[in-house]
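The values are calculated or read from the model by the stated rules, or taken from the named source; none is laboratory data. Computed from a predicted structure; not experimentally measured. Here the Cβ positions follow ideal geometry from the backbone for every residue, glycine too, while neighbour counts run over all protein chains shown. In case anyone asks, the SASA skips ligands and DNA or RNA and just uses the protein heavy atoms, side chains included. Shrake-Rupley method; radii C 1.70, N 1.55, O 1.52, S 1.80 Å.
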Amino acid sequence: MAVARAIGLDIGSNSIKMVELERSKKGGHNLQFVGIAPLPDGSIVEKQLKKPDVVARAIKSLHSYTVGRTKDVSISLAGKSVIVKQVAMTSMSDEQLEKQISIEAEPYIPFDIKDVNIDWYIMGNKTDKENQMDVVLVAAKQDFLNSYIDLLKSCNLNPVVIDVDPFALEVMYENFYSLVPEEIIAIINVGANAININILDKMACKYTRDLPLGGDMITREIMRFFDVSYEKAEDIKRGARLDKINARNLRRIFSKSVENYVSEIRKIIDFFSQNISYDPIQKIFLCGGGARTYGFSAALESELNVPVEIVNPFDYLKYDSQKIDPQYLEEIGPQMAVAVGLALRTEDDKVK
């Protein structure tokens, strides 16, 4: 049975995002709390917790405003210490795979198998090869995983689900966007330091890749070009009107970054189309803090000739507009997609 309330906690490189949902008895979900706490530059570098005390204070501050004050949270992991890979294995049951997962997974994991925590799910038998099945492997380095568990314990919080960003986004998509007729879609999550591309075929993960690009590149270029602090560069990137900022030069910075984003995403999409599925991607769902980067969605749609929709999960949640500002939800919607997906998890989802 699902818990009445759930908290999704997205620990990003530049900010902490928290969403509290209440499951309605009549179906659907009610939004109880949503919040973002910015982090000082350098608090988290490449998903490694460099200043855990600073991050813990931000989490505690957000949690103090939640309605139910539940201590159970769902989080997700990402970065170089996490591997998500679809592989072909000899057909077997869940029980059989559980007994020999370490042996089966070892060839695909670039870490010492003794130092990782492994999870998986069986997608089904391969139609083109007899006695083989497709399996999605997820492996996280144990010390990396433990650093996040220790962080939550220091906040007096209990991780009931530990996910990875692509699967949290899948949950969000399945709950709110799965009525669209497209069979093959791509969810592109643009974060501060990485762009995750997750391609779904008939609601199942078919291919996922990370690109070492993100909104932080734009921030750093603004800092360099205009000789401003990190905080001011972030404000400029988000559209703040500041003196002595030449709009034409700013547009050039955005244009160059967008061109780089689109070029690298195009390579991933082309690889998928040429090596994994000959059926074209019918639609792209864009989310993350960089989803609304100036000119990005239009350039992506034009270059790939695929319709692009910017995600806003709050369009599908009930909430009290007297307590939560609808305009605020519209502004932050795309960057809250992972946190919402995590909050949609249930107590039946396992922590590996």
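Judged by the gyration tensor of its Cα atoms, with axes a ≥ b ≥ c, the range 20-89 is oblate; a/c meets the 1.5 cut and b/c is at least as large as a/b. Sites listed here are GluC sites (Glu not before Pro) in the range 44-100 whose DSSP assignment is loop and whose Cβ has at most 16 other Cβ atoms within 10 Å: 46.
Secondary structure note: in the chain, about 75% of the DSSP beta bridges are antiparallel. Measuring with a 1.4 angstrom probe and ignoring ligands and nucleic acids, residue 223 comes out at about 50 Å² accessible.
Run through the range 283-352 and list the GluC sites (Glu not before Pro) located in a DSSP loop whose Cβ has at most 14 other Cβ atoms within 10 Å.
The qualifying sites are 347.
In terms of the Cα gyration tensor, with a ≥ b ≥ c the square roots of its eigenvalues, is the range 133-243 rounded because a/c is under 1.5, prolate because a/b exceeds b/c, or oblate? In terms of gyration-tensor shape, oblate. Placing pseudo-labels 7 Å out from each Cα toward the beta carbon at residue 98 and residue 156 gives an inter-label distance of 3.5 nm.
Remark: the residue 54-residue 322 segment gains 93.3 nm on full extension, using 0.36 nm per residue and subtracting the alpha carbon distance.
Simple rule: put +1 on each Lys or Arg Cβ and -1 on each Asp or Glu Cβ in the chain, find the dipole, and look at 56, 110, 167; the Cα lying farthest toward the positive end is 56. Of 85/267; 50/237; 47/153, which ones are farther than 21 Å apart at the Cα? Table pairs above 21 Å Cα-Cα are 50/237.
Note on residue 260 and residue 37: the model spin-label points, each 7 Å out from Cα along the C-beta direction, lie 3.1 nm apart. Check each of the chymotrypsin sites (Phe, Trp or Tyr not before Pro) in the range 233-277 and keep only those in coil by DSSP with at most 13 other C-beta atoms within 10 angstrom; list them in order. Passing both the DSSP loop test and the Cβ count: no residue. Note on surface exposure: 174, 231, 264 rank 231, 174, 264 by accessible area, highest first, 1.4 Å probe. Here the spin labels are modelled as points 7 Å beyond Cα on the Cα-Cβ line, and at residue 175 and residue 267 they lie 3.5 nm apart. Between the listed residues 7, 240, 198, the Cα displaced farthest toward the positive end of the dipole of the chain, a dipole computed from Cβ unit charges relative to the Cα centre, is found at 240. Taking the Cα centre of the chain as reference, the dipole from Cβ charges on Lys and Arg (+1) and Asp and Glu (-1) amounts to some 1060 debye. GNM remark for the chain: springs join alpha carbons under 10 Å apart, and the peak mean-square fluctuation among 76, 93, 147 falls on 93. Give the carbon-plus-sulfur fraction of the accessible surface of the range 240-352 in %, rounded to a whole number; probe 1.4 Å, heavy atoms of protein chains only. The value for the range 240-352 is 43 percent carbon and sulfur by accessible area. In the full protein context, the range 205-281 carries 63 Å² of accessible surface per residue, based on a 1.4 Å probe and ignoring ligands, DNA and RNA.
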